[in-house]
Protein chains: 2
Amino acid sequence: MDVSYTPARPCRVEDVPAWDIDTDVAIVGFGAAGSCAAIEARNAGAAVQIFEVASAAGGSAALSGGEVYVGGNGGTDVQRAAGFRDDTEDFYRYLMMAGGPAADAERVRLYAEQAVDHFGWLREQGVPFKGTYLPGKWIEPTTDDTLLWSGNEKAWPFSAVAQPAPRGHTAQFVGWGGGKVLMETLCGRAVELGAQVHYGARALTLVVDRHGAVCGLVVRLEGSPRFVRARKGVILCAGGFIANPDMVRRFVPAAEACQQQVTAGNDDGSGIRMGIAVGAAALNMQEFFATLPFFPPESLVKGIFVNARGQRFINEDAYHGRVAHYVLRQPEGRAWLLVDNGIFGRPMLQPDIPIAAVGESWEEVEVELGLPTGALVHTVEAFNREASQGRDPLLHKAGEWLRPLTEPPFAALSYCSGDFGAHAFTLGGLATRPTGEVLDADGHSIAGLYAAGRTACGLPRWGEGYSSGLSLGDATFFGRQAGLRAASA
Amino acid sequence: MDVSYTPARPCRVEDVPAWDIDTDVAIVGFGAAGSCAAIEARNAGAAVQIFEVASAAGGSAALSGGEVYVGGNGGTDVQRAAGFRDDTEDFYRYLMMAGGPAADAERVRLYAEQAVDHFGWLREQGVPFKGTYLPGKWIEPTTDDTLLWSGNEKAWPFSAVAQPAPRGHTAQFVGWGGGKVLMETLCGRAVELGAQVHYGARALTLVVDRHGAVCGLVVRLEGSPRFVRARKGVILCAGGFIANPDMVRRFVPAAEACQQQVTAGNDDGSGIRMGIAVGAAALNMQEFFATLPFFPPESLVKGIFVNARGQRFINEDAYHGRVAHYVLRQPEGRAWLLVDNGIFGRPMLQPDIPIAAVGESWEEVEVELGLPTGALVHTVEAFNREASQGRDPLLHKAGEWLRPLTEPPFAALSYCSGDFGAHAFTLGGLATRPTGEVLDADGHSIAGLYAAGRTACGLPRWGEGYSSGLSLGDATFFGRQAGLRAASA
């Protein structure tokens, strides 16, 4: 055949020479969303074939910390055992605020009500959660504990809207690597239930019938295009697009400021492009998760960020991803973390962060940074005065992180553009119903097409409101919904 | 027929019962982009049919001020007569910065190089420009002068990047109404050249062939669907989507904070949706123009905006739309314009703006606003100290607007959310080449489909960088390119 397939151009069913593979549900991508979709579709009795471009299972989720953001309904047994109550309404309000202006109330409601059950479901599949609580402020746990504070729960303005509870539930593994455990379990379960997996299988494009319904896909298997009939539907679980520089430039240029891509390498946006090609609307394509790990050590959270005007701009106890977005948007890309001798320590994950100024007084630091006279000094003095009273009327940093910066020498760690490496992945994706049904520009579903995980615009919709575990929570839960819905089509 | 057509679902050419209308180029929308596309397509010898949903010509452009943002090449004759030189490189750098992170260098380059010629072309079509210069800072001129400062040219950081020049060229008309003159002229010219116009004609959806190429459209004429064959192409010039509350909620939820829609009523996003339906990528859908007319009187520009932390956040001499975006994003939606007796006047366009605090001292104002102790007082003192020296090291407001706020009584005008009405229109749209060719998700053109004006993601791509006249400049110039390219297909 002389046809070359590309995600942006669907194949018409009339042009399919013959079906090479016939199944009920075809799933593109064998990561967090794809594995859960497969499990539910198999449990519902559907024949399932999975097409994974990599040579192994797990997707980008396998490289993650394996953290799932769940709570509500009074709390998971893990939350309750650690002494936390977590009402559904608090969880709901937190998730709505975390979703930002584009938060999807219907999706959030469903998740808030069913997340505890979902946690139980993950355990039933065999995912190990130790059940222990790790206090403190972490980017990722270095222990094998399960429960940790992983978002903005205790930070203003979130804390003013919803009763805080720790909701990050991490698969048991010592240190970074819970994602491997999580994905080995979920992918193993899908296979055990009879899902058939093709590795090294690149989905080339969707197949549509004359009414615009998706009825299959074209995949490259062993070098040749193969035609897959999907009687009940195709579920796109192919990840986001942070690994596609061209898409990043077109859709989320602000993320180009982040040097590190959070991906196992195949988040090339092909799932999103295949959806767009058949008329799907893509939502929130400009949003991205970003982080800069300015702590640990935890003591650095007691420092204060200032911009080139000497102004503070964020409560530093907010989630590190929220802090990152605020740092990234400061005028001229200039920001510094001010510390004194009492709290200073090299940031563990970026020990080579430049120290832009050191002085025996804040005046010296101000001069060395070249800031407007008095601007930084006033900011620190006002902060110190209030912090000594346990208050932060400007930015509402919580009391446990308030400590006057009065012990010389003083220093400014540079978070100016180019001086640090931020990490990013994309949050925009195909418009879907909570069932995973993909929606067109008028908001109607496209027959036969489903999406979940970062291919969809899901629960996490706002870089400033992200919490660790939201993406895995979203991908596993809404992957399940898509699997169930497709199987019942 | 029992088929009901909707923009999000294209019609297959096999399903067209018969062509009711046959043309070379079909244009959807008879506004700024559509009229210019028609003129060029007719001049190139193509048969042109225009489908306009309203009962009259002009689109939203007819309700505008009729201002076109042009310069470069040393300046238009109007700029030069007023003593301004405008180098292409300055114009280019300004437009690139004005486009924000998503600025399209190829499009900007073409426009910067050809805008002076384009201004000549508009005059050749008969658009009257008086040729006189109106100094000062205006939202819109109240005279019939042509040339005015209409953007961020003289404001930091734009002024630091490009030599400023006034570039807003307004069609001659006393006061608000230049858009009517502009559009009557351009639409009249298109008709004169033989473009055939159908009014009350709603474009329902595009017609695609088996290769995905656009070969026509379905329109509702006198209550019935009619099938239009477009041998050379369809040009979507159907405006933006600010008048479609559902699309605003899904694609640009932040704009919901603006109560006033800048539209003649038909910016319902149908052009964008028709494009998405055939696989086009939509770019920058979250961006919007917003403004709050906090001046005239011009003296209010000498006031300073502060947020709930008592911090300044914008140089108030920036373009009013840029100021609006900064005001809209302040924490908790709270901001005030601080004025003293020397500069106070009721904002002409919002005379009922609430005065949130009045005092004989700034301490009184601070207390009345409930701000953190000393925060506002420090900000005003620091501003006054520097302003008395003609400096603004924090925000780089230009010298002509710097005046210490020292004459009591002092007041704070409320620009808190709900206290003012912001105006908005959308800036996101279909991905196109500068030629108007619409692009799919892989960045390849979709045969037979073109877009211009606010249906496309054009020159103006960043609410913070908008300048009056950018949208009309873009729509008329790139409308022409689309007409030319389609006619030569």
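For this structure, a couple of remarks:
- B:S468 sits among other residues whose Cβ lies under 10 Å from its own Cβ, and their net charge, with Lys and Arg +1 and Asp and Glu -1, is -1.
- Formal net charge of residues neighbouring B:V191 (Cβ-Cβ distance under 13 Å; K, R +1; D, E -1): -1
- The range B:293-414: C-alpha gyration tensor shape, a/c 1.5 cut-off, then a/b vs b/c: rounded
- Within the protein assembly as shown, helix-based [θ] at 222 nm, where runs of 4 or more DSSP H residues each add -39,500 (n - 2.57), nearest 500: -8000 deg cm²/dmol
- Backbone HN-Hα couplings from phi across the range B:55-68 [Karplus 6.51/-1.76/1.60, Hz, Gly and Pro as x]: 8, 8, 7, x, x, 5, 4, 5, 8, 8, x, x, 9, 10
- For B:A441, the residues 5 or more places off, or on other chains, whose built amide H falls under 5 Å of its own are B:A281.
- Toward the positive end of the charge dipole of the range B:26-179, with +1 on the Cβ of Lys and Arg and -1 on the Cβ of Asp and Glu, the farthest Cα among B:G168, B:S35, B:A103 is that of B:G168.
- Peptide A:438-447 has a mean of 5 when you count, residue by residue, the C-beta atoms of other protein chains within 10 Å of its C-beta.
- Label 7 Å beyond Cα on the Cβ vector: B:E407 copy-to-copy distances, nm: 5.2
- Ranked by how many other beta carbons lie within 10 Å on average, peptides A:318-330, A:371-383, B:184-196 from highest: A:318-330, A:371-383, B:184-196
- Listed residues A:T88, A:V68, A:V78: farthest to the positive end of the dipole of the range A:65-106 (Cβ charges): A:V78
- Net charge over other residues, Cβ less than 12 angstrom from the Cβ of B:Q330 (K, R count +1; D, E count -1): +3
- Comment: the Cα-to-Cβ extended label point of B:P17, at 7 Å, lies 3.9 nm from its counterparts in the other copies, nearest first.
- Here the protein assembly as shown is assigned +1 on the Cβ of each Lys and Arg and -1 on the Cβ of each Asp and Glu. Its dipole about the Cα centre then comes out at about 1700 debye.
- Proxy reagent accessibility, fewest Cβ within 10 Å first, across A:V252, B:V161: B:V161, A:V252
- Pairs of Cα atoms nearer than 8 Å and 6+ residues apart set the relative contact order; for the range A:344-427 it is 35 percent.
- Rel. contact order, % - alpha carbon contacts under 8 angstrom, at least six apart, the range A:293-414: 33
- Remark: B:D352, B:D20 ranked as B:D352, B:D20, counting other beta-carbon atoms within 10 Å and listing the fewest first.
- Each Lys and Arg Cβ is given +1 and each Asp and Glu Cβ -1; about its Cα centre, the range B:293-414 then shows a dipole of about 460 debye.
- Relative contact order of chain B, defined on C-alpha pairs under 8 angstrom at six or more residues apart (%): 23
- Those lysines that a straight Cα-Cα span of less than 17 Å connects to B:K180, excepting residues fewer than 8 apart in one chain: B:K130
- Across identical copies of the chain, B:E332 has label-point separations of 3.0 nm, listed in ascending order, with the point defined 7 angstrom from Cα along Cα→Cβ.
- Per-residue mean of C-beta atoms belonging to partner chains within 10 Å, peptide B:204-214: 1
- Cα gyration tensor shape for the protein assembly as shown, rounded if a/c is under 1.5, else prolate or oblate: oblate
- Shape call, the range B:384-434: gyration tensor on alpha carbons, a/c limit 1.5: oblate
- Per-peptide average of other Cβ atoms within 10 Å, ordering B:254-264, A:431-441 highest first: A:431-441, B:254-264
- Exposure proxy ranking, count of Cβ atoms within 10 Å, fewest first, for B:S417, A:S224: A:S224, B:S417
- A cut-off of 5 Å between modelled amide H atoms, ignoring neighbours fewer than 5 places along the same chain, links A:D22 with A:R229.
- Magnitude of the charge dipole, chain B, Cβ model with Lys/Arg +1 and Asp/Glu -1, debye to 20: 920
- The HN-Hα couplings worked out from phi for the range B:11-16 by the Karplus form 6.51 cos²θ - 1.76 cosθ + 1.60 (θ = phi - 60°) are 9, 7, 4, 5, 8, 7 Hz, whole numbers, x standing for Gly and Pro.
- Long-range amide H partners of B:T205 with built H, under 5 Å: B:V218
- B:R85/B:T132 FRET efficiency (R0 25 Å; Cβ-Cβ; nearest 0.05): 0.90
- From most to least packed by mean Cβ count within 10 Å, the peptides B:76-83, B:212-219 give B:212-219, B:76-83.
- Peptide B:269-276 has a mean of 3 when you count, residue by residue, the C-beta atoms of other protein chains within 10 Å of its C-beta.
Each value in this text was obtained by applying a stated rule to the coordinates, not by laboratory testing. Since the model is a prediction, treat every value here as computed from it, not as a measurement. Backbone-built Cβ (ideal geometry, glycine too); neighbour counts: all protein chains shown.
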